[in-house]
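Enquirer: Have a look at the structure that comes next, please.
Nothing in this text is a laboratory measurement; each read-out follows from the coordinates by a stated rule. What you see is a predicted model; the values in this text were computed from it and never measured. Cβ atoms come from the backbone with ideal geometry, glycine included; neighbour counts cover every protein chain shown.
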Amino acid sequence: MEDRITGHTGLMALFGSPIGHSGSPAMYNYSFAKLGLDYVYVAIDTKVGETEAAIAAMRTYKMRGGNVTMPCKSAAFHCMDELSPAARLIGAVNTIVNEDGRLTGHNTDGVGFVESLRDEGVKIRGKKLTLAGGGGAAAAIMVQCALDGVREISVFNRKDEFFGRTEELAKKVEGEAPGCVIRVYDIADTKRMTAEIAESDIFANATVVGMKPMDAESVLKDTSALRPGLVVADVVYNPEETRLLREAKEAGCICIGGRGMLLWQGVVAFKLFTGQDMPVDEVKELFYR
Ligand code: NAD
């Protein structure tokens, strides 16, 4: 480390709060060292009201890139000079690339989800997806899956502040990806949810249900549509195996946890920052087993 960091070393960072638990510094710094790239990556605790100042600092310190996590992703969206198509639709930014002072906001969460499925041998083109959730993670998944050729998405969310936003986003996404039909339902309609999953190839949970402290719960109240061959993915990564995944495994489903999405959104961001491929097999072995 004393040899690696010099007066020339470029800074990259993760902004959000809390971030003390983040695995991103380990993953990026290992990859920089492995590929001989002269950068260092740190996690900087940033409250939502500090987002604008943090992003201004990216320009001041000529930082090549940065990641943004909760609760700063929407605030970061408003500080960009340019946006990727996915970030524009989602309305949130998790990756920022600095090209000589011009900041472009990307959202790699959705690609991270799709890549985590691909990594497990699951292709999404032409498939039907039932998706629980209408927050940031669900929006990213809905957008990317539609752009990548999923034919039908049935979204289920609570009638909370996310519901109307999900309906609006669904209309916008259908406009951008005309081959995809998106319907939004109340998650309280268990019968409808069971019927939609029964017709789906993939069921994904993108709500906070299953995450600590809700780790005793599952978003799926009726498990009768779980069956061998159905792909069940959970974006929750703490715990690594949620109740949903445990029940899906018992029913013979193909199960994919949230750690893959976490890894792959970083792999995609790394390529945007450096133009190089993260040594993903080693990173997986060291930090994601
Ligand atoms: P968010 O706050 O934007 O959205 C929360 C969602 O949960 C909404 O759809 C809300 O309606 C739903 N919800 C809340 N309480 C509920 C309940 N009791 N019953 C049913 N639905 C409920 O959060 P987010 O950023 O979308 O994050 C959601 C989850 O995804 C978190 O667990 C987060 O850690 C995870 N996540 C994982 C990754 C990854 O890389 N694996 C990336 C982003 C988010």
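Enquirer: If you take every DSSP beta bridge fully contained in the range 110-256, what fraction is antiparallel? Give it as a percent rounded to 5. List each step's numbers first, then the result.
Expert: Details: 0 of 23 bridges.
Bridges in the range 110-256 are about 0 percent antiparallel.
Enquirer: A further question follows. I'd like the distance between the alpha-carbon centres of the range 107-162 and the range 216-252, rounded to an integer number of Å.
Expert: Here the answer is 16 Å between Cα centres.
Enquirer: Right, another one. How do Val283, Val114 rank when sorted from fewest to most other Cβ atoms within 10 Å of their own Cβ? Can you show the working numbers first?
Expert: Details: Val283 21, Val114 24.
The most exposed by this proxy come first: Val283, Val114.
Enquirer: So, one more: When DSSP beta bridges are limited to those with both residues in the chain, what percentage is antiparallel, rounded to the nearest 5? Mind showing how you got there, number by number?
Expert: Working: 8 of 44 bridges.
Taking every DSSP beta bridge with both residues in the chain, the antiparallel ones total about 20 percent.
Enquirer: Give the order of Ser17, Ser218 when sorted by the count of other beta carbons within 10 angstrom, beginning with the fewest. Intermediate results must be reported in sequence, preceding the final value.
Expert: Numbers: Ser17 16, Ser218 20.
With the fewest neighbours first, Ser17, Ser218 line up as Ser17, Ser218.
Enquirer: Now a separate question. What does the C-alpha gyration tensor say about the overall shape of the range 110-256? Classify as rounded when a/c is under 1.5, otherwise prolate if a/b is larger than b/c, or oblate. Please list the in-between numbers first.
Expert: Details: a/c = 1.45, a/b = 1.21, b/c = 1.20.
Here the range 110-256 falls in the rounded category.
Enquirer: Could you derive backbone 3J(HN,Hα) for the range 77-91 from the dihedral phi with the Karplus parameters 6.51, -1.76 and 1.60 (θ = phi - 60°), listing whole Hz in sequence and x where the residue is Gly or Pro?
Expert: Working through the residues one at a time gives 3, 7, 9, 8, 7, 9, 9, 6, x, 5, 4, 4, 5, 6, x Hz.
Enquirer: OK, next. Kindly identify the range 156-229 as rounded, prolate or oblate by the Cα gyration tensor criterion: order the square roots of the eigenvalues as a ≥ b ≥ c, call it rounded if a/c is under 1.5, otherwise compare a/b with b/c, prolate if a/b is larger, else oblate.
Expert: On the way: a/c = 1.99, a/b = 1.29, b/c = 1.54.
It is oblate, given that a/c is not under 1.5 and a/b is not larger than b/c.
Enquirer: Considering only Ala206, Ala248, Ala233, give the residue with the highest GNM mean-square fluctuation for the chain, with springs between Cα atoms whenever their separation is below 10 Å.
Expert: Ala248
Enquirer: Counting other Cβ atoms within 10 Å of each Cβ, which GluC sites (Glu not before Pro) in the range 1-106 have at most 16 and sit in a DSSP loop? Write down the numbers at each step before the final one.
Expert: Details: sites: Glu2, Glu50, Glu52, Glu82, Glu99; in loops: Glu2.
Hits after loop and neighbour filter: Glu2.
Enquirer: With the cut-off at 22 Å, tell me which of the pairs Lys171/Lys221; Lys171/Lys212; Lys62/Lys271; Lys123/Lys171; Lys34/Lys73 have Cα atoms farther apart than that. Show your work: numbers first, answer last.
Expert: Values: Lys171/Lys221 28 Å; Lys171/Lys212 32 Å; Lys62/Lys271 18 Å; Lys123/Lys171 24 Å; Lys34/Lys73 29 Å.
Correct reply: Lys171/Lys221; Lys171/Lys212; Lys123/Lys171; Lys34/Lys73.
Enquirer: Subtracting the Cα-Cα distance from 0.36 nm times the residue separation, let me have the gained length for Glu50 to Ala26 in nm, one decimal. Could you put the intermediate results ahead of the total?
Expert: Values: separation 24, 0.36 × 24 = 8.64 nm, distance 2.42 nm.
So the chain would gain 6.2 nm between Glu50 and Ala26.
Enquirer: What nm distance separates the two modelled labels at Glu241 and Glu285, each placed 7 Å from Cα along Cα→Cβ?
Expert: Those two pseudo-labels are separated by 2.4 nm.
Enquirer: Just from its helices, what would the mean residue ellipticity at 222 nm be for the chain, if runs of 4 or more DSSP H residues each count -39500 (n - 2.57) and the sum is divided by every residue, rounded to the nearest 500 deg cm²/dmol? Let's see the in-between values first.
Expert: On the way: 11 runs with 114 residues, N = 289.
So the calculated ellipticity at 222 nm is -11500 deg cm²/dmol.
Enquirer: Taking neighbour counts of Cβ atoms within 10 Å as a proxy for exposure, in what order, fewest first, do Val181, Val173, Val68 appear?
Expert: Details: Val181 15, Val173 21, Val68 27.
Ordered from fewest to most neighbouring Cβ atoms within 10 Å, Val181, Val173, Val68 come out as Val181, Val173, Val68.
Enquirer: Among Ala138, Ala87, Ala225, determine the one that fluctuates most according to a GNM of the chain built with springs between C-alpha atoms less than 10 Å apart.
Expert: Ala225
Enquirer: Continuing with the same structure: Would you work out if the range 30-129 is rounded, prolate or oblate? Take a ≥ b ≥ c from the square roots of the eigenvalues of the alpha-carbon gyration tensor; rounded if a/c is under 1.5, else prolate when a/b is larger than b/c, oblate otherwise.
Expert: Numbers: a/c = 2.11, a/b = 1.39, b/c = 1.52.
Because a/c hits 1.5 or more and a/b fails to exceed b/c, the range 30-129 counts as oblate.
Enquirer: So, one more: Between Ile5 and Lys249, what FRET efficiency comes out of the Förster formula 1/(1 + (r/R0)^6) with R0 = 41 Å and r the beta carbon distance, rounded to 0.05?
Expert: The formula returns an efficiency of 0.40 here.
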